[in-house]
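The values are calculated or read from the model by the stated rules, or taken from the named source; none is laboratory data. Nothing here was measured: the structure is a model prediction, and the numbers come from that model. Please note: Cβ atoms are built from the backbone with ideal geometry, for glycine as well, and neighbour counts cover all protein chains shown. For accessibility, only protein heavy atoms count, side chains too; no ligands or nucleic acids. Shrake-Rupley method; radii C 1.70, N 1.55, O 1.52, S 1.80 Å.
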Amino acid sequence: MSTQALLRAEDARNSAFDKVLHGTSGKGQSGLRAMMAKNKTANSAAADEYFKHWDNKAAEDETSAVRQSRTDDYASITRQYYNLATDFYEYAWGESFHFCRFAYGEPFKHAIARHEHYLASQIGIKRDMKVLDMGCGVGGPAREISCFTGCHVTGININQYQVDRATMYAKKHDMAGNLEFVQGDFMNLPFPDNSFDAVYSIEATCHAPSLAKVYSEIFRVLKPGGIFGVYEWLMTEAYDNDNLEHRKLRLDIEQGDGIAQLFKISDGIKAMETAGFELQVNRDLSEDINKASAPWYWPIGSDLRHAQTLWDAVTVMRMNRWGRVVAHSIFAALETVCIVPPGTKKTADSLGKAADALVRGGKEKLFTPMYLMVGPLFCDSTAKMSEADVANKPAEAVEQPAAAAAAAAPEAVETTAAATNGQDDKNILKTTAKIDRDNRQKNNKFDPSQREVSDDPAAIRKQVEFYFGDWNFPQDKFMWESCGGAENKPIPVEKIHSFKRMRTFQPYSAVVAALRDSQFLDVEGEEGKETLKRKVPYQPMANARAKTEAATVYVKGFGDETPNTQFDVESFFAQFGEVKGLKLRRTPEGLFKGSVFITFADEEAAKAFVSKDPAPKWKDHDLKIMTKQAYCEEKSDLIRSGKLEPSSTTSKKFFEGQEGGGGRRNGGGPRDPDDWKKRRDHDQKNGFRGGRGGRGGRGGRGGRGRGGGFRGGRRDNENGGGNKRSRDDDNGADEPSAKKVDTKEE
């Protein structure tokens, strides 16, 4: 039986247990009535399974092995915790299980809703967006955010009882069309790659055994241009694990809140960056309050002065310290006479202990439940190579910035109509697709998930050795920085295996076994924690960029893109010899232009391909074929003659740890739409000598021309304007493209 099948079987058993435990409460009654309706034997079993990780394990005796044991069993801990605690939460707190900030005079429920609205606005959630709620509880935040923005929210939750209740509430509020709730483990999301426009998590990913891993799963399911925002539970940098009192506080929070292990703020930030997110916002909202406002922890403390309404006082009395003392005594009596199931009092005591620790952690600034992190996918690092059939050569990671010989052509924006530069290309397959400016994600048709799962060791080695190879490594920002460049630091095999195309290689053990036989790479580390590095560290190479550009060919005529175009084009070029890299060219909006840059083993191989007679054809159609250098020079000539309009922006280009400048020319001010024409007229009158565009000028062959280079390539299938991070995408809007202009205005 496959691993996935085993996971599904485990999920089915867990869901069946949850249904036995809760009976029909998932579709109706809540709070105290639901507690009393629980199956007593099942609740006792759930309590035993949960508390075994903390019983008789004092802070003084905590070891890394004890923490690892909890981490390994995170799924059971989280599921059973919410089997035990959900009814308490709904009874005492409501349907949104999270803390919040309080404005002066603001009622409790309003503050809870505002906290959710604030996250939605920080992420930029809009009407009709497809959004994922990681750890959705009983759906309170999902309902509020969907109402606030008009988006569609899918909630994922490991606990079937909470999924049932969230679904019930959605129907009750007549929101079933905008909400969907799914049972599953967010460490292994049951959704295809590129499924959601945005993802958020409110105090839920703290249950993950690894923040980097859960954030990487979020990265995987985000569409190109997607964004992720989270309110994370984190220990502050003031926390000292060697301080016994600090450690006791952390353990009380973990036990009372179903958390395998809490991490520090620095760990959270690093995890976001490791997963591939570019942090736009990261700050502790618990510190970002007015002094006159109530602290986030006041509802679970002992001070009722902050209650703004009678309902606030009633609500808070259920969960503050004095209310807990009374309630827990009642639960003990009810458990004694078998009205509530065994384990109820122990659960209540654990929740109370955690509440006290949370208050102390807030007061002493050792803990925050609302560290806000918001980030889109990285948009400027290099691309993961596409996986072709085993017989194919690896292709298309990044294209390097152009060498000086090819840098003559200023970067421009190209439309399909201008791509052939006025030549007679009647038999070349044209593109007919139109740019979708409202939903740019639709412009990119690439879908690597269609590849079949394989354990072929040769294909595994080829793919991974490509990432570390002399051609890709210096251009691949993620790989370069992860390995420290020439320092040759090891990188976890698990991280490499998380790359979108590497996920087609299963199981993980087959990947490790294949790499152990590599003549190029070293595998080290214990089972399950293997690392990988080059046997011989990378050494910077003179003229590497120029050699790459000289070996690159421009080919046009592949027509409109389909989900398999990338793989089909790779297969096509594989028949002509070793391929170092293949890049599908796209508009800034991510639409395939019908042309590619293909890098062969060396300049001789590139020239041999260009000189083939008869010339290669694509589906019985001619192809426009020329060296990249010739292509760049042709574009430069057309721009200088006024037939092509150079673009106003350029992008950063990464190589051996250095990035070239990017952004709008002339300091980023408003662009005069006729300025390029004025420069063209000036250049024509002066015979293209000196100044802009001349041989010694900024755009000329001897100057600092901006064209000819690639926009930092991407690893699997770049979306162009969508800004999908390179690790799982490829083919960006690139170098010197152009837009046809009307020369009659002269």
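The table below gives the values:
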quantity	calculated
Net lengthening on full extension, Glu287/Asn188 (0.36 nm per residue, minus Cα-Cα)	32.3 nm
Positive-end extreme of charge dipole, region 492-576 - chosen from Ala544, Pro563, Ala513 (charges on Cβ)	Ala544
Accessible-area order (highest first, 1.4 angstrom probe) of the listed residues Tyr104, Tyr631	Tyr104, Tyr631
Relative contact order of region 160-249, pairs being alpha-carbon contacts under 8 Å that are 6 or more residues apart, as %	26
Region 461-552: relative contact order as a whole-number percent, Cα under 8 Å and 6+ apart	28
For region 14-58, with +1 on Lys and Arg beta carbons and -1 on Asp and Glu, the positive-most of Met36, Ala47, Phe17 along the dipole	Met36
Nitroxide proxy distance, nm - points 7 Å out along Cα→Cβ at Lys270 and Arg127	4.5
Using θ = phi - 60° and Karplus 6.51 cos²θ - 1.76 cosθ + 1.60, couplings along region 623-634 (whole Hz; Gly, Pro as x)	10, 8, 10, 7, 5, 5, 4, 5, 4, 5, 5, 4
Label-to-label distance, nm, for residues given as Val337 and Gln539 (7 Å Cα→Cβ offset)	8.5
Region 177-237: mean projected area of Cα convex hull, nm²	5.0
Euclidean distance between Cα centres, region 83-105 to region 128-188, Å	17
Heavy-atom accessible area order for Lys535, Lys27, largest first, 1.4 Å probe	Lys27, Lys535
Per-residue HN-Hα couplings for region 170-182 [Karplus 6.51, -1.76, 1.60; θ = phi - 60°; Hz; x = Gly/Pro]	4, 5, 4, 8, 6, 10, 4, x, 9, 9, 9, 10, 10
Förster-model FRET efficiency, 56 Å R0, Lys353 and Glu656, C-beta, rounded to 0.05	0.55
Rounded to the nearest 20 debye, dipole of region 204-285 from Cβ charges on Lys, Arg, Asp, Glu	320
Extension gain from Arg114 to Val610, taking 0.36 nm per residue of separation minus the Cα-Cα distance	172.4 nm
Alpha-carbon radius of gyration plus Dmax, which is the widest Cα pair, for region 40-159 in Å	18.0, 52
Under Karplus coefficients 6.51, -1.76 and 1.60, residue-wise ³J(HN,Hα) of region 589-595 in Hz, glycine/proline x	7, x, 7, 5, 8, x, 10
Accessible surface, 1.4 Å probe, highest first, among residues Asp438, Asp476, Asp252	Asp438, Asp252, Asp476
For region 41-69 versus region 445-495, the gap between their alpha-carbon centres in whole angstrom	39
Set Lys583/Lys635; Lys248/Lys270; Lys430/Lys462; Lys434/Lys619 screened for pairs whose C-alpha atoms are more than 29 Å apart	Lys430/Lys462
Percent of alpha-carbon pairs separated by more than 22 Å within region 213-293	39
Label point distance in nm, Arg437-Asp303, each placed 7 Å from Cα along Cα→Cβ	5.4
Residue pairs, from the table Lys52/Lys365; Lys495/Lys533; Lys547/Lys607; Lys19/Lys213, whose Cα atoms sit over 20 Å apart	Lys52/Lys365; Lys19/Lys213
Surface accessible to a 1.4 Å probe, Ile428 within the full protein complex, Å²	10
Check: region 82-137 dipole with +1 on Lys, Arg Cβ and -1 on Asp, Glu Cβ, in debye	300
